[in-house]
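Let me begin by presenting the structure, written as structure tokens, before commenting on it.
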Amino acid sequence: MRHVIALDVGGTGMKAALVGAGGELLHQARLATGRDRGPDAVVASVLDFAAELRAHGERHFGEPASAAGVAVPGIVDAEQGVAVYAANLGWRDVPLRALLAERLGGTPVALGHDVRTGGLAEGRVGAGRGTDRFLFVALGTGIAGAIGVDGRVEAGAHGFAGEIGHIVVRPGGNPCPCGQRGCLERYASAAAVSQAWVGATGDPGADAADCARAVEYGDPRARGVWQEAVDALADGLVTAITLLDPRTLIIGGGLAEAGEALFTPLRAAIEHRVTFQKVPALVPATLGDTAGCLGAGLLAWDLLTDTTPTTPTDASEATP
């Protein structure tokens, strides 16, 4: 059976899969990155893991993988196949595509940014399936995005497209590690909500999930913290809507797990802010932690086709 290797490399662990031509996950596996042993050990773990997946495919499907895709965090030069920088992995200028291709016996390899790769999957086979233009926004420790156009994700001229978390929504506000002040992710990320809720409660163990639950219970302090985050997020999203005019806006990441506690006030806040702009469909991401692997698999399949695949498999069939 024809298949590809898909790897999603995170700060602490790797998710991997063998992906069929219809987007189906034929085999899944997980492995620690071993980052405590240093950046070279992480690279070695990735290469070994990929080789194990190739061998598994040969044993179980009668042929080696046709291609491989890998998603990594940080700054990525997808065109050159280089993981330029990843703080949580200790990587600088790792020629990961070439190293993987060599380890896999010349198998074609695609390299992608983790959020853009997950966004590709959400847009093509997940929540945005069937739409021509989408914006995927992941609300996690930080905030990042993926701009989808006609089945592809736009990387930008220098690989930085989609960094919506660094739109300034509160000029002169909280300092951001990027060097600016008032960035969106300093107000509307899961980490920012957690920090604000700790400040409101005095409980050092409180987090964004606790705040969301307190909102549902009607806690006025939680409502204040939550609304501040929603307002900041709406400001950033309306800027993006004005620039990009997406048909579908997909929200994922940990903060999106709050469900309608987030989506109901967020829809209202966006609608309140727009004037001439068309409000896109606002939907939650659907693929969960399989998005990165599915996206890496799509990148691999794209290497083997002249045009973007039409993904015949329904998103519900693409998840285990």
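The values are calculated or read from the model by the stated rules, or taken from the named source; none is laboratory data. In this text the structure is predicted, and so the values were computed from the model without any measurement. In this analysis, Cβ positions are derived from the backbone assuming ideal geometry, glycine residues included, and neighbour counts consider all displayed protein chains. Just so you know, the surface numbers come from the protein's heavy atoms only, side chains and all, with ligands and any DNA or RNA stripped out. Shrake-Rupley method; radii C 1.70, N 1.55, O 1.52, S 1.80 Å.
Taking every DSSP bridge with both residues inside the chain, close to 65 percent are antiparallel. For region 100-213, the residue among 141, 209, 120 whose Cα projects farthest onto the positive side of the dipole built from Cβ charges is 120.
Across region 1-63, counting alpha-carbon atoms alone, Rg and Dmax equal 12.3, 37 Å.
Provide the gained length on full extension for the span residue 209 to residue 174, in nm with one decimal, where the gain is 0.36 nm per separating residue minus the Cα-Cα distance. Present the calculation step by step, with values, prior to reporting the outcome.
Numbers: separation 35, 0.36 × 35 = 12.60 nm, distance 2.20 nm.
The span from residue 209 to residue 174 would gain 10.4 nm if fully extended.
Using bins of 10 Å that start at zero, the share of Cα-Cα pairs per bin across region 192-301 amounts to 13, 38, 31, 15, 2, in whole %. Dipole size of region 231-294 about its Cα centre, with +1 on Lys/Arg Cβ and -1 on Asp/Glu Cβ: approximately 240 debye, rounded to the nearest 20. Helical content alone sets the calculated 222 nm signal of the chain at -12000 deg cm²/dmol, taking -39,500 (n - 2.57) per DSSP H segment of four or more residues and averaging over every residue.
Once the Cα gyration tensor of the chain is diagonalised, what are the square roots of 5 times its eigenvalues, in whole Å and ordered largest first, as equivalent ellipsoid semi-axes?
In descending order the semi-axes read 34, 22, 18 Å.
A Förster radius of 35 Å combined with the Cβ-Cβ distance from residue 60 to residue 157 puts the calculated FRET efficiency at roughly 0.25. The share of accessible area on region 213-282 that comes from carbon and sulfur is 52 percent, using a 1.4 angstrom probe.
Think of a 1.4 Å ball rolled over the protein heavy atoms: the chain then has 44 Å² of accessible area per residue. Expressed as a whole percent, the accessible surface of region 30-74 that belongs to carbon and sulfur atoms is 49, based on a 1.4 Å probe. A Cβ-based charge dipole, computed about the Cα centre of the chain with Lys and Arg at +1 and Asp and Glu at -1, lands at about 260 debye. Over the C-alpha trace of region 145-201, radius of gyration and Dmax come out as 14.1, 46 angstrom.
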